[in-house]
Amino acid sequence: MKAARQGFVHPGGPTEDALFDHLAGRLHPQAGEWIAAHVASCARCTAAVAHLEAVREALEPPPESPFQRQRDLQAVRRRLDRPRRRWNRILLPGFAALAACLAVLWMGTRAGPRLPAQPAIAKLAPAPVPTPWTVLGTEGSTEVEAHGAKSAMKTEQVVAAGGLVTVAPSARVVAKWGGAKVMIEGGSAGAQVRLVASRSDDRALVLERGRVVLNVDPLAPGARLAVVTPTERVTVHGTIFLVDVDAGGTSVAVARGKVRVEALASRATVDVPAGMRVAPLPAAIGPLDDEDRRVFALLEHWNDAPPAEPAAAPASPSPEKAILATPTPSPSAHAAPSARAETATLEAARAEVLAGSYPRAIAHLESLRRHHLPATLGARVALLLAQALRLDHHARDAAPLLEKVARGGGPEAEQAQFLLAQTLERDLADPRRAATVWAETERRFPHGIFREEAAFRLGESLLQAGETQDGIDALERYLQAFGSGAHSDDAHLLVAAARRDRLSDCAGAIPHLRAVADGHGPRAGSALIGAARCLEKIGRDDEAAAAYRHYLTLAPHGRFTAEARRHAGPRASQR
Amino acid sequence: MFLVDRPRAQAGAKGDIEPSLAALVERHRSGDPSALNALMTEIYPSMHRIIYRLSGPRPREVHEDLVQSALEQVCRSIDSFEGRSRFTTFVFGICHRVVARSRRYDRVRTWFKRDAEEACLPQGATAPDEIVERGRQVAQARAALDRLEGDERSAFVLHEIEELPLEEVAAALGCSTRTVKRRLRAAREKLLPSKELVS
């Protein structure tokens, strides 16, 4: 059984409502004075007032974290672009489709001329269309078996669902599959692929042996694309990846996006992200190897090629054949298409970052980094990639990139150093490492554009890391060098708080609080109250009362008005 | 009887964002495509603050999600704003509902994971700021705020901290002023320290 709560009202004291109104400054001054006089002489009310002021303090929100506003607004825009997951949104089109079907059936049963198909039905539920393969080019011996008949594959040939494609060792074939491209490589033992589903909403192939490489268009909602091997099922949602089946099992490597690999026997799944491969057991995940990169580069070259021409005479092979006939490029041979194209890709990625499409920007930048880029351009790509990763909540992946660029030189290195320190401090909550990086920024770039920021953040990070005296020293150095800098108020307040709360040095805190109060900035009022509290604590009551009175003139309806009235002495009561 | 002396914030007073919000809502309704963006940017700090006050300290991701959900809700229902209250009141009402819904989900989740969470709680650890007296008091205050029911907390925050008049609190919470008063009284009783604590 619950014990009855002891009421707050006590003889001679205010009611609860009156106390709250008094603290909020809602009472008439005379009533306020009466309550202030009672509170000053009543231990119970003094404790209650202190507790309620702490309640107000507990409700003060922390400052926005960096990039938070941009992130939130971008996320909201994305949410608004998404269809809402509401039942009526699903049920209404469903009912509409049902009604339309019934209407068509009814019309179909009527005597008279047959009406054409209802466009409304097509709009509501687009019918899946057949999506066969269209062969874009072949190299070496390849054949297809369909309806019991075998034939050699040739350009422009169409392979429908049910077709079995056999590719001899060292041969390969490239085909268009709806919006996707698929390359089958014979490798050393040949490849065999059966096309089992080939509709716009459901595409699937069975890879019995060999290797397939796919560049898959982003799939429509509800659409599926799968590669099934004897042991695994690989599903995707718009990506570049390869699947390799040999005697050892199934390997999957991903160049862009993400694929899900499901073991057919155990139903266990593993997601393989970009830049990783899993082979042949799901547990063995590692980075892409050189062979994977070679194959992806081959497909990338294919994607860069001009559109397919109609079948040409043997003397002038089609571009696809020419590319397929190109020997396996060495890393230097398939380096960059051109500096202009790379700069354009970088600018496109920058626009994507600004528009909030971080995953797309990351995919583009990662693909750009695989080229051999000039040092400056490479550093800029890495910087932008790091920013995109931070914005996409992958700050842990951004830090190594920034460390690498920071080891270089020039403005990119300074920027990387700055971003690295910021990432460590804000995103990874590692103030000790951040302080090291800020100190290094100051040492390496004493005349750099971030020198003021670095000087302030060094002190802030040291304080956060618990290095009180070093932090205070760093902030006082900052104040000496940049007395009226952008962070001077912050620096004064940080030093004051550290001296008062950590070193119990109220006298040392007062000059800093007064400096902020005299600046008449947005935090002048709270600094003045802080100074008054410190003065009171060290027994300088007259000065404290003067500071409280000064606060009342500055902010007659401010957050600390009630406290200032209580402590300002008789002169304030007459006000 | 005490006379209430403090005038409520006047529309158009310095620091009152209501006129600019009303103008942006009008611009949005007249088809200006940039108005919604500007409105979101303008209202964001208020929503960030009010969501924190209503929901209390949460992990950053949770807080961000609540702010985003509330902003999304504001954008989706802006056409239903009839101008019968201040736009900020309308927005605060949405924030209250978003936070209330999140609390309901949390309550259901805790039914299933309370044991695990309790097993993981640090034993006897003292946060550095609680060593300081003020920090200890703020921690006690947070605990007291956590004891409030969701509706009581909303009424308290909107009236005592955001300084909305009772009528606007009632409009934001979708209840009568009488109910608001009752919730306020309950919140005040729970927030005041008990007799044993102070004596």
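The values are calculated or read from the model by the stated rules, or taken from the named source; none is laboratory data. This is a predicted model, so every value here is computed, not measured. Because the Cβ atoms are built from the backbone with ideal geometry, glycine has one as well, and the counts that use them run over all protein chains shown.
Residues of the stretch A:146-175 that are of a type outside the set (Gly, Ala, Ser) and in a strand (DSSP E or B): A:150, A:158, A:159, A:164, A:165, A:166, A:167, A:172, A:173, A:174. Checked against (1) within 13 Å of chain A (Cβ to nearest Cβ); (2) more than 19 Å from residue B:18 (Cβ to Cβ); (3) modelled with pLDDT of 85 or more, residue B:47 meets all criteria but (2).
Of the helices (runs of 4 or more DSSP H) lying entirely inside the stretch A:504-575, those carrying at least 2 residues that are aliphatic (A, V, I, L, M) are A:506-518, A:524-537, A:541-554, A:561-567. Among the residues of the stretch B:48-102, those identified as assigned to a loop (DSSP other than H, G, I, E, B) and more than 17 Å from residue A:61 (Cα to Cα) are B:81, B:82, B:83, B:84, B:85, B:86. Does the stretch A:114-131 contain at least one residue that is away from chain B (no Cβ under 14 Å) and at pLDDT 80 or above? Within the stretch A:114-131, not a single residue is away from chain B (no Cβ under 14 Å) and at pLDDT 80 or above. For the stretch A:497-510, which residues satisfy the criterion of being surrounded by 17 or more Cβ atoms within 10 Å (Cβ to Cβ) and more than 14 Å from every other protein chain (Cβ to nearest Cβ)? A:510 - this is the single residue of the stretch A:497-510 that is surrounded by 17 or more Cβ atoms within 10 Å (Cβ to Cβ) and more than 14 Å from every other protein chain (Cβ to nearest Cβ). Figure legend. Inter-residue proximity from the stretch A:371-383: first residues on the phi < 0 side of the Ramachandran plot, second residues among the small types (Gly, Ala, Ser) and surrounded by 19 or more Cβ atoms within 10 Å (Cβ to Cβ), beta-carbon distance below 7 Å, spacing 6+ or different chains. Indicated pairs: A:383/A:416. Scanning the stretch A:181-217 for residues that are of a type outside the set (Lys, Arg), more than 16 Å from residue A:165 (Cα to Cα) and in contact (Cβ under 8 Å) with a residue 24 or more places away in the chain turns up A:200, A:201, A:202, A:215, A:216, A:217. Considering only residues in the stretch A:261-274 that are of a type outside the set (D, E, K, R) and buried (at least 16 other Cβ atoms within 10 Å of the Cβ), the one that is modelled with the highest pLDDT turns out to be A:261. Any residue at all in the stretch A:355-365 that is among the polar types (S, T, N, Q) and part of a loop (DSSP other than H, G, I, E, B)? Checked the stretch A:355-365: at least one residue is among the polar types (S, T, N, Q) and part of a loop (DSSP other than H, G, I, E, B). Figure legend. Inter-residue proximity from the stretch B:55-72: first residues more than 8 Å from chain A (Cβ to nearest Cβ) and in contact (Cβ under 8 Å) with a residue 60 or more places away in the chain, second residues assigned to a helix (DSSP H, G or I) and buried (at least 19 other Cβ atoms within 10 Å of the Cβ), beta-carbon distance below 7 Å, spacing 6+ or different chains. Indicated pairs: B:56/B:145.
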